[in-house]
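Written out below as structure tokens is the structure these notes cover.
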Amino acid sequence: MSKLKSTLGIIAIAFITVTVMSCKDNNKEQNSTDEDHSEMNHDNSDGHHDDDKKEMAMTGDGNSQMVLNDYFNLKDALVADDNAKAKELGATLAKSFGNLDISKYADPKKSDLKDIIEDAVEHAEHISESDIDHQREHFKILSKDVTDMVAITGTENTLYQQFCPMYDGGSAWLSTSKDVMNPYYGSRMLNCGKVQKEIN
Amino acid sequence: MRIVKIIAIIVLLAFVGIQFVPTTRNHSDIVPSTDFMLVNNVPETIQNKLQTSCYDCHSNNTQYPWYNKIQPVAWFLEDHIKEGKAELNFNEWDSLSSRRKASKLRSIIKQIESGEMPLNSYVLIHKDAKFSEAETEELISFITQLKDSL
């Protein structure tokens, strides 16, 4: 009798294990759809920008200005060696890049922008989940993407392209100020670099 | 003693049980025309190396050793492959724009130089996936050349 009991017990436990294990995967999917929802909510919460967009589109650069702002915030976090903040801002930048409205551009520019966005979103996402060394590696390519974007969308404010010859065989970034604050080295070599170009 | 026996049986049963949980297999007989090897002129030694060291997780076709058909190893592997393919799929290379290709090539160089790829857990099992110093050098110079020619 007790043998029967333990056999039943064993079968029950095995069954539970299987159920739990298969549920685990479902949970994961559930979570990821939840994330999608929250992202969509964010999009909606940014909805008021849609109204602004039409107006801003008249001036020539819709929400590319938002991308630039988020990029500069991210740059400042890297200058300050702030890994956690850079993670956060990487995610923000990925979102604002994703929201960039390119519908008003005609084809060669439009496909270039689409391409830039795709690449930039990937790097920004990586920044949102990496240690600071990796963040800086991705920031280098991201800076090129943003520079190429500005060449198409233009900018409201004067920007300065700065260049540090020491980091990874020479690396550039954009800044709103002439003063050199190096995002690739932060406090280790804060002022390494020079202004390479002025972008209006 | 009895309790040990019971626990052993439970573990065994659970082990058998989880074998029935289905997994998605990463398998395809078709090499699409966008494949990295087909669109680039890749030297044979590098082709072989990429195939053994990278393609298991970065293409649509994984060469599964027998133990990778067994749970929970298969789950562990499934996750890796999913992640690996999302990051870089050599089979779909030519569908990327030049900008994205350059980006990916740069990342490949970085990851190999820093020893992040191939993953330690992978090399542990696939001894031949490991890059010797000479192989690393050959691959990096090839990838760099490819990147500069984009």
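The values are calculated or read from the model by the stated rules, or taken from the named source; none is laboratory data. These numbers come from a predicted model, not from an experiment. Neighbour counts run over all protein chains shown; Cβ positions are idealised from the backbone, glycine included.
For segment B:30-114, list the helices (runs of 4 or more DSSP H) that sit wholly inside it and hold at least 3 residues that are touching a helix residue (DSSP H, G or I) at 6+ places or on another chain (Cβ under 8 Å) and either surrounded by 19 or more Cβ atoms within 10 Å (Cβ to Cβ) or among the β-branched types (Val, Ile, Thr) (or both); which are they?
Numbers: elements: B:36-39, B:44-53, B:73-87, B:98-113.
In segment B:30-114, the matching helices (runs of 4 or more DSSP H) lie at B:44-53, B:73-87, B:98-113.
Would you confirm whether any residue within segment B:89-96 is over 14 Å from B:PHE36 (Cβ atoms) and at pLDDT 90 or above? Working first, answer last.
As a first pass, look at segment B:89-96 and keep what is over 14 Å from B:PHE36 (Cβ atoms): none.
For segment B:89-96, residues over 14 Å from B:PHE36 (Cβ atoms) and at pLDDT 90 or above: absent.
Answer yes or no as to whether B:TRP75 is within 14 Å of chain A (Cβ to nearest Cβ) and touching a residue at least 40 places away in the same chain (Cβ under 8 Å).
yes
Mind checking which residues of segment B:112-150 are touching a residue at least 24 places away in the same chain (Cβ under 8 Å) and among the aliphatic types (A, V, I, L, M)?
Passing the criteria: B:ILE112, B:MET117, B:LEU119, B:ILE125, B:ALA129, B:LEU139, B:ILE140, B:ILE143, B:LEU146, B:LEU150.
Among the candidates A:ASP101, A:ASP76, A:ASP70, A:ASP112, which residue alone is surrounded by fewer than 20 Cβ atoms within 10 Å (Cβ to Cβ) and either aromatic (Phe, Trp, Tyr) or modelled with pLDDT of 90 or more (or both)?
Values: A:ASP101 fails: either aromatic (Phe, Trp, Tyr) or modelled with pLDDT of 90 or more (or both); A:ASP70 fails: surrounded by fewer than 20 Cβ atoms within 10 Å (Cβ to Cβ); A:ASP112 fails: either aromatic (Phe, Trp, Tyr) or modelled with pLDDT of 90 or more (or both).
None of the others qualify; the one that does is A:ASP76.
Only residues that are under 22 Å from A:GLY154 (Cβ atoms) and either more than 9 Å from chain B (Cβ to nearest Cβ) or in a loop (DSSP other than H, G, I, E, B) (or both): list them for segment A:113-133, please.
Result: A:LEU113, A:ILE117, A:ALA120, A:VAL121, A:ALA124.
Which is of a type in the set (Val, Ile, Thr) and within 14 Å of chain A (Cβ to nearest Cβ), of B:ILE30, B:ILE10, B:ILE46? Don't jump to the end; show me each part of the working.
Values: B:ILE30 fails: within 14 Å of chain A (Cβ to nearest Cβ); B:ILE46 fails: within 14 Å of chain A (Cβ to nearest Cβ).
Exactly one of B:ILE30, B:ILE10, B:ILE46 is of a type in the set (Val, Ile, Thr) and within 14 Å of chain A (Cβ to nearest Cβ), namely B:ILE10.
I'd like to check something: does segment B:55-75 contain any residue that is under 10 Å from the mean Cα position of the chain (by Cα) and aliphatic (A, V, I, L, M)?
No, that holds for no residue.
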